[in-house]
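Structure, as structure tokens:
The values are calculated or read from the model by the stated rules, or taken from the named source; none is laboratory data. Predicted, not measured: the structure shown is a model, and the values here were computed from it. Counting neighbours? That spans all protein chains shown, and the Cβs are built from the backbone with ideal geometry, glycine included. Surface accessibility is based on the protein's heavy atoms, side chains included, excluding ligands, DNA and RNA. Shrake-Rupley method; radii C 1.70, N 1.55, O 1.52, S 1.80 Å.
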Amino acid sequence: MASDQYHEPIELLDEKTQDFTRIIKSIMEEFEAVDWYNQRMSATKDPQVKALLKHNRDEELEHAAMGIEWLRRQLPEFDKELRENLFTEGPIGHHDDDGSDEQTQRHKGLNIGKPKR
């Protein structure tokens, strides 16, 4: 099995962790294909070629969405993030936070999300 995709020795990784890597790598490859199809659609002048490329691109988007859904079902934390951040209105980014929630308190001393000065 290829091991260039792992940052830890593969023999230390359980099957579930390896499946996560498989899905994440697959999602990355699907989005890379989406980018290629978008570039080709932008470059062609032929409407039939553009329609064919769009069809292919849209299939890659479906595949990426399927992988994301698998991850969502496996990781409750990811499910929570998706529910809080997708299909919303307003600016994209961190929600206003007064620092009172449990997670912020837990990470207060870790400088997570704080710019270095």
Residue pairs, Cβ under 7 Å, 6 or more apart or interchain, first in segment 7-26 and within 29 Å of Glu60 (Cα to Cα), second among the small types (Gly, Ala, Ser). List them. Ile10/Ser3; Ile23/Gly67; Ser26/Gly67
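Counting only residues that are of a type outside the set (S, T, N, Q), open to solvent by 70 Å² or more (accessible area, probe 1.4 Å) and part of a helix (DSSP H, G or I), which one in segment 44-60 is nearest to Ile24 (Cα to Cα)? Can you show your working first?
Residues of segment 44-60 of a type outside the set (S, T, N, Q): 45-47, 49-55, 57-60.
Filter again for open to solvent by 70 Å² or more (accessible area, probe 1.4 Å), leaving 45, 47, 50, 52, 54-55, 59.
Among the residues that remain, those that are also part of a helix (DSSP H, G or I) are: 47, 50, 52, 54-55, 59.
Working: Pro47: 33, Lys50: 28, Leu52: 27, Lys54: 23, His55: 23, Glu59: 17 Å.
Taking the candidates together, the pick is Glu59.
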Ile10 vs. criteria open to solvent by less than 80 Å² (accessible area, probe 1.4 Å) and touching a Leu at 6+ places or on another chain (Cβ under 8 Å): no
Can you list residue pairs whose Cβ atoms sit under 6 Å apart, with the first residue in segment 73-91 being without any contact (Cβ under 8 Å) to a residue 40 or more places away in the chain and the second being of a type outside the set (Val, Ile, Thr)? Count only pairs 6 or more apart in sequence or on different chains. Phe78/Leu71; Phe78/Arg72; Asp79/Arg72; Leu82/Arg72
Which of the residues spanning segment 61-94 are open to solvent by less than 60 Å² (accessible area, probe 1.4 Å), within 29 Å of Ser42 (Cβ to Cβ) and more than 14 Å from the chain's Cα centre (by Cα)? Gly93
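Let's see how each residue does on (1) farther than 28 Å from Ile23 by Cα; (2) β-branched (Val, Ile, Thr); (3) part of a helix (DSSP H, G or I); (4) at pLDDT 95 or above:
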site: Ala64; (1), (2), (3), (4): no, no, yes, yes
site: Glu69; (1), (2), (3), (4): no, no, yes, yes
site: Arg72; (1), (2), (3), (4): no, no, yes, yes
site: Leu82; (1), (2), (3), (4): no, no, yes, yes
site: Phe87; (1), (2), (3), (4): no, no, no, no
site: Ile92; (1), (2), (3), (4): no, yes, no, no
site: Asp97; (1), (2), (3), (4): yes, no, no, no
site: Ser100; (1), (2), (3), (4): yes, no, no, no
site: Gly109; (1), (2), (3), (4): yes, no, yes, no
Going by the conditions given, is Tyr6 modelled with pLDDT of 95 or more and among the hydroxyl-bearing types (Ser, Thr, Tyr)? no
